[in-house]
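The values are calculated or read from the model by the stated rules, or taken from the named source; none is laboratory data. Bear in mind that the values here come from a model prediction, so they are computed numbers and not experimental data. As a convention, Cβ positions derive from the backbone with ideal geometry for all residues, glycine included, and neighbour counts pool all protein chains shown. With ligands, DNA and RNA removed, areas are computed over all heavy atoms of the protein, side chains included. Shrake-Rupley method; radii C 1.70, N 1.55, O 1.52, S 1.80 Å.
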Amino acid sequence: MKQIIYILMVLIIVSCKEDKGLSRQLPPAETKELLKNNHAEGFTLIKNDNYSILTISNPWPKADKVYRYALIPKENAPKITLNKDDFDGMIITPVQKIVVTSTTHIPALELLGVEQTLVGFPGTDYISSEKTRTQIDNGDIRELGNNEGINTEVLLELRPDVVVTFGVDGTNKTMETIEKAGITVIYNGDWVEKSPLAKAEWIKFFGALYHKESQAKSIFDQIEKDYLEAKSIAAKASKKPTVLCGAMYKDVWYLPNGTSPEAQFLNDANVNYLWSETKETGSIALNFETVFDKAKTAELWLSPSYYLSYDALEKANSHYTQFDAFQNKKIFTFSNTTGKTGGVLYYELGAARPDLVLKDMIKICHPELLTDYKTTFFKPLD
């Protein structure tokens, strides 16, 4: 009998040391609900009785691996028994400390009211939000260097519950180091989505990390509603102005292809984007002569790359001055709308609030339709 009691005590002690009870085998949990997305294709969330499964299926273009994460409510952690080998990470929710690596992740945290859980970010000067900048100024968010060379020493010192990053091809030695240290890394694929609303729907991804699925859905539903209402207003326009986008980088003019999210904004704003029929993958790369022949008389020129003024455009290439939009001062940019340390607001908030981007475009292209609206991102070129 003593031997049996001894064996039982040993088993209890060993089991208590097992990753907070997360790595033992769990009987199959009954699936309760698949939370369906309206637009986003890159992630799914299945809620079980005791935990949820977050699946990331397209974290970067042509990704050949599907990532699965177990999201375990804190109150269930002592009784949940999962096999770690079945998942790419297991996260106790709601997340208490998080590191994100793209400014596009910041608005989701703020919209959900969990920005105080952000403890580190690579390149804090790029963050525009006043609320998050206050946290940075107060020392609550540590600088982690840059995405090409994250300061892993500081990050490991912070010990976040999860690092949310993005990938280009799945090769990231820094993130591999972080994972080996026992910190879960999730590749967020919002940037791969094919439409503005699909990108914005990734707020539900963050909602799942914080037990705020219902709140995230409500926020997105309102954004979707406002976007579709703006689109219906644009449809009433009696005229579709011709639009040129982009500018030269070295010897190549890059423009959004006709199936891109950027082109969808233009289509929903009811304008005549001159390259709306193109089907290329990625940006369209053209020489100056080809663009000039087609767009010399374009009525509007949007997003002329990183140029902030007409003088800067002219100094970069005097041929820019030959476009009607240049001569008529009808060029608009989002690059001049920045936070106090120079971060461009559009690169932070634009993906999360496509309704505001669309309204900006409607205001510029059909000012008679939104007479009282003040643009958020786009301003006339200086």
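Worth pointing out:
- Per residue, in Å², the accessible surface of segment 259-379 once ligands and nucleic acids are set aside, probe 1.4 Å: 47
- Among [x] 0.94; [y] 1.05; [z] 0.97, the entry that matches Rg/Rh (Cα atoms, Kirkwood Rh) as calculated here: [y]
- Peptides 353-360, 342-349 ranked from most to least packed by the mean count of surrounding Cβ atoms within 10 Å: 353-360, 342-349.
- Charge dipole (segment 186-248, unit charges on Cβ, about Cα centre) - positive-most of Ala235, Ile203, Gln222: Ala235
- Crossing angle, helix 213-234 versus the chain [Cα axis fit, 0-90 degrees, rounded to tens]: 10
- For segment 249-301 versus segment 151-218, the inter-centroid distance based on Cα atoms is 31 Å.
- Nonlocal amide H pairs with Phe43, under 5 Å, H built at 1.01 Å: Ser57
- Unit Cα scatterers, Debye sum, segment 175-285: log10 I(q)/I(0) for q = 0.14 Å⁻¹: -0.77
- About the centre of its Cα atoms, the chain shows a dipole size close to 580 debye [charges on the beta carbon of Lys, Arg (+1) and Asp, Glu (-1) only; nearest 20 debye].
- Whether segment 36-161 is rounded, prolate or oblate, judged on the alpha carbon gyration tensor where a/c under 1.5 counts as rounded: prolate
- Cα gyration tensor shape for segment 231-382, rounded if a/c is under 1.5, else prolate or oblate: rounded
- Coil-residue trypsin sites (Lys or Arg not before Pro) of segment 178-276, DSSP, other Cβ within 10 Å capped at 11: Lys236, Lys239, Lys250
- Computed with every protein chain present, the accessible area of Cys245 is close to 10 Å² [probe 1.4 Å].
- For Leu381, nonlocal amide neighbours, meaning residues 5 or more places apart or on other chains whose placed amide H falls under 5 Å from its own, are Ile331, Phe332, Thr333.
- Note on the chain: with neighbouring protein chains present and a 1.4 Å probe, carbon and sulfur make up 51 percent of its accessible heavy-atom surface.
- Cβ-placed point charges (K, R +1; D, E -1), dipole of segment 197-281 about Cα centre in debye, nearest 20: 140
- Angle in degrees between helix 2-16 and the longest Cα principal axis of the chain, rounded to the nearest 10: 10
- A cut-off of 5 Å between modelled amide H atoms, ignoring neighbours fewer than 5 places along the same chain, links Thr338 with Leu345.
- Label-to-label distance, Lys79 versus Glu153, with points set 7 angstrom from Cα along the beta-carbon direction: 4.5 nm.
- Measuring against 18 Å, Cα to Cα, the residue pairs Lys62/Lys194; Lys236/Lys329; Lys32/Lys65; Lys36/Lys359; Lys315/Lys379; Lys47/Lys212 contain Lys236/Lys329; Lys32/Lys65; Lys36/Lys359; Lys315/Lys379 as the ones spanning a longer distance.
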